[in-house]
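The values are calculated or read from the model by the stated rules, or taken from the named source; none is laboratory data. Predicted, not measured: the structure shown is a model, and the values here were computed from it. Glycine also receives a Cβ, built like all others from the backbone with ideal geometry; neighbour counts cover every protein chain displayed. These area figures cover heavy atoms from the full protein model, side chains too; ligands, DNA and RNA do not enter into them. Shrake-Rupley method; radii C 1.70, N 1.55, O 1.52, S 1.80 Å.
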Amino acid sequence: LRLLRIFKLVRFIVPIVHHFIEINHGRTLKQKIYSILNEDDYSGDLHHLIDTILVGIIALSVTAVVLESVQPIHEMLALEFHIFDMISVAIFSLEYVLRIYSITENPEYKERVAGRFRYATTINAVIDLAAILPFYLTFFIQMDLRFLRVMRLLRILKLTRHPEPCRL
């Protein structure tokens, strides 16, 4: 039964990826990354699929932070919460780096350094950074940082990037 679900998922995803490859033939990697993360004429449905996945991870991440605040649940699933947090931070970090890397494809941020800096200071980029920063701060600041768990709730602000319901 699980194998059938995987086949259904593959049957759904493969045409989306093939269509994206077709309409992006001859474009650079940076242009393709930009089209995946930002809707444009070359995005196809792959952008919407990635958007939907990111929204799902954000929702799960916020739910995990809330559940983790309940002591009995935290004690029972501490390792699972930590692993999930590491995975979600890795995904959000990759998204952030790829957005900074590919933003120069947007005519508004065309300059290599100045354009990236201007984008990095936009509200969306600051929210993205604030969503992952608490995780990395724990490596550099050696003290009780339980208050940073609350800052992880800032991930819910990442949903402001997705003002309309994700559609496929």
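Okay, here's what the table says:
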quantity	calculated
For residue 68: the one exception among (1) farther than 30 Å from residue 20 by Cα; (2) in contact (Cβ under 8 Å) with a residue 60 or more places away in the chain; (3) open to solvent by 60 Å² or more (accessible area, probe 1.4 Å)	(3)
Counted residues, the stretch 6-58 - those being open to solvent by less than 50 Å² (accessible area, probe 1.4 Å), among the small types (Gly, Ala, Ser) and either farther than 24 Å from residue 155 by Cβ or in a helix (DSSP H, G or I) (or both)	3
Residue that is touching a Phe, Trp or Tyr at 6+ places or on another chain (Cβ under 8 Å) and without any contact (Cβ under 8 Å) to a residue 40 or more places away in the chain, where the choices are 45, 85, 40	40
Test: residue 94 is open to solvent by 80 Å² or more (accessible area, probe 1.4 Å) and either touching a Lys or Arg at 6+ places or on another chain (Cβ under 6 Å) or under 25 Å from residue 21 (Cα atoms) (or both)	yes
Test: residue in the stretch 153-163 that is open to solvent by 50 Å² or more (accessible area, probe 1.4 Å), of a type outside the set (Ser, Thr, Tyr) and modelled with pLDDT of 85 or more	no
Enumeration of residues in the stretch 81-117 that are more than 20 Å from the chain's Cα centre (by Cα) and charged (D, E, K, R)	108, 110, 111, 112
